[in-house]
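The values are calculated or read from the model by the stated rules, or taken from the named source; none is laboratory data. The shown structure was predicted, so the numbers you read here are calculated from the model rather than taken from an experiment. Don't worry about glycine lacking a Cβ; one is built from the backbone with ideal geometry, like all the others, and counts go over all protein chains shown. Remember, those area values only see protein heavy atoms, side chains included, never the ligands or the DNA or RNA. Shrake-Rupley method; radii C 1.70, N 1.55, O 1.52, S 1.80 Å.
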Amino acid sequence: MNFVMAFAQFLVNEILSVPAFLIGIITAVGLAAMRRSRGQMVGSALKATLGFLLIGAGAGLVVSSLAPLGIMIQGATGAHGVIPTNEAIAGIAQAQYGGMVSWLMILGFLLSLVLARFTPLHYVFLTGHHMLFMATMLTIVLASAGYGAPIVVSVGGLLLAILMVSLPALSQPWTRQITGDDSIAIGHFGTAGYIASGAVGKAVGKKSRSTEEMNLPESLRFLRDSMVSTALSMVLMYLVLAVLFLARAGRDAAYKSFDGGALNVGNYLMKSVTQGLQFGVAVAVILFGVRTILGELVPAFQGIAAKVVPGAIPALDAPIVFPYAQNAVLVGFMSSFVGGLTALALQSAWLSPSFGMALILPGLVPHFFTGGAAGVYGNATGGRRGAILGAFTNGLLITFLPAVLLGVLGSFGDANTTFGDADFGWFGALVGSAAKLGSVAGILAMLAVGAMLMAVAILVQKKLVETGWVPAPYRMAAKQPVDASQARPAAATGSYPKIAPPKGAPTPPDSI
């Protein structure tokens, strides 16, 4: 029995929860189904794996470059509270619930393939680390409510599977607004923030110009390069906060923002400049990784679609949309962070004193990834105003929802960290509230939550996705005149026009 448990933990922790390995395996399976040569299978699988490792490397650079900035923000503002970090709370829970988390994740992934095969929701969720985080959250919620391992694994696995096929469907009309077709979907548990951002953009930005349309004088044309503009913006943010922290806390505290400290004021400021420049490099690495993986994974899904899940659409991590509106990523990050600060101010001044709500500090990593993606969604439906206000809405969600989630995490609610992205908050709160009903009533209530979510997703799939509905068709028409010869057959993905993505964006093949 110990060997079986150890094998399950190895499978989850070392393979399935590592997106690079999972993507490589899926790519190889797809090409095998297409009867490609072994050389092509190995080469494409390795290239897809390397693409995800590039994304991971870029993400690591983002985290390391934002760490000193987070210290500066807390030092400059004096804010204290809970910092949402998925990796931190998942690591804490592994020590107590590692076995249940492993089996729940394996069962959830297998059931998601069954649901993708036999329901209209043909989405294959491939963001392995988010599977692990959601499996951990469900395990904590159900175990804290007093359920035993068999119920935790079986009910939690089914709920995880439902989420993995339902959320990509709910967001697909908004994702298609960005990509122009159904070749990819979003597979990330910040979906509520992306839909909210797209909806806000649709409401406020009909005539707002895109973040990608920058009319600059000749002397400032260099800012049209997204890597340059991103790096410069982060350098300025770093310098402003560095000076504020230095003025408020003094040299000794400010110098400790960086590993190894700083030698003097000049060294402190130049370290800030370097961190801002490294952020620009990190974003460039992520974008290159996205392009690399799409070039291998999307063609491989022809085989998956033909043999395993007919009509399969890969649901991928949030950075998959970054290349479609690179300026919107930075706008979204900053706007989401401002939304987080606004929500924190409301918590401090009203919600915490009156209702005992925990103070949620804006974590820069979730605000960058979910805020950046929310900026792309808001820009797609509402241009610059949509990117700003849509990502601001995302910032509010990922501050208020984690505070609500703390109430159903049992003893883990006192861990000074929690899950950070929007879907963990709303779904965890619903499942946790249902679980507290206890025994049979609680199980039935949790299953009812899952059934309702799946029913809504199927309705959206049938009524909106398959009919080709897009939230803001006037913005798609503005990108490129509709050419009837380029329209995708209605039987495949709906009766919407195929729109060419912006320059530099991934361009999946027409055969998908």
- Just the Cα atoms of segment 1-102, one point each, no solvent: what log10 I(q)/I(0) does Debye give at q = 0.18, 0.24 Å⁻¹? -0.99, -1.17
- Message: What's the ranking of 275-284, 35-44 by average number of surrounding C-beta atoms within 10 Å, highest first?
- Response: 275-284, 35-44
- Message: Starting from a Cα-only point model with no solvent, please compute log10 I(q)/I(0) by Debye for segment 246-402 at q = 0.16, 0.18 1/Å.
- Response: -1.02, -1.10
- If eta is 1.567 mPa s and T is 4 °C, what Stokes-Einstein diffusion coefficient results for segment 379-424, Kirkwood Rh from Cα pairs, in µm²/s? 109
- Accessible surface of the chain [probe 1.4 Å, protein heavy atoms]: carbon and sulfur percent: 67
- For the peptides 369-380, 116-127, 253-264, 201-212, what is the packing order when you average, over each peptide's residues, the other Cβ atoms within 10 Å and list the highest mean first? 369-380, 116-127, 201-212, 253-264
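What is the chain's relative contact order, in percent, from Cα pairs under 8 angstrom and six or more apart in sequence?
25 percent.
Would you kindly work out the equivalent ellipsoid of segment 244-290 from its C-alpha gyration tensor and give its semi-axes, the square roots of five times the eigenvalues, largest first in whole Å? Let's see the in-between values first.
Details: eigenvalues 153, 18, 15 Å².
Those come to 28, 10, 9 Å.
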- Query: Helices from the chain with mean Kyte-Doolittle at least 1.6 and a Cα length along the axis of 18 Å or more, per DSSP H: which?
  - Reply: 19-33, 226-249, 439-460
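Any idea what the alpha-carbon Rg over 2.2 N^0.38 Å comes to for segment 334-469?
Rounded to two decimals, the normalised Rg is 1.20.
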- Task: Could you estimate the translational diffusion coefficient of segment 134-262 from the Stokes-Einstein equation, with Rh from the Kirkwood formula over C-alpha pairs, at 10 °C and 1.306 mPa s, in whole µm²/s?
- Result: 80
- Query: Quick one, what does Rg over Rh come out to for the chain if you take C-alpha atoms and the Kirkwood Rh?
  - Reply: 0.96
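Taking 28 Å as the cut-off for C-alpha to C-alpha distance, list the pairs among LYS436/LYS463; LYS47/LYS463; LYS47/LYS206; LYS207/LYS462; LYS206/LYS463; LYS202/LYS462 that go past it. Please report the intermediate quantities before stating the final value.
Details: LYS436/LYS463 35 Å; LYS47/LYS463 37 Å; LYS47/LYS206 40 Å; LYS207/LYS462 30 Å; LYS206/LYS463 24 Å; LYS202/LYS462 22 Å.
Beyond 28 Å between Cα atoms: LYS436/LYS463; LYS47/LYS463; LYS47/LYS206; LYS207/LYS462.
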- Item | Burial order of peptide ranges 334-346, 384-396, 84-96 (average beta-carbon count within 10 Å, highest first) | 384-396, 334-346, 84-96
- Item | Two-site label geometry, VAL440 and MET270: point separation in nm, points 7 Å out along Cα→Cβ | 7.4
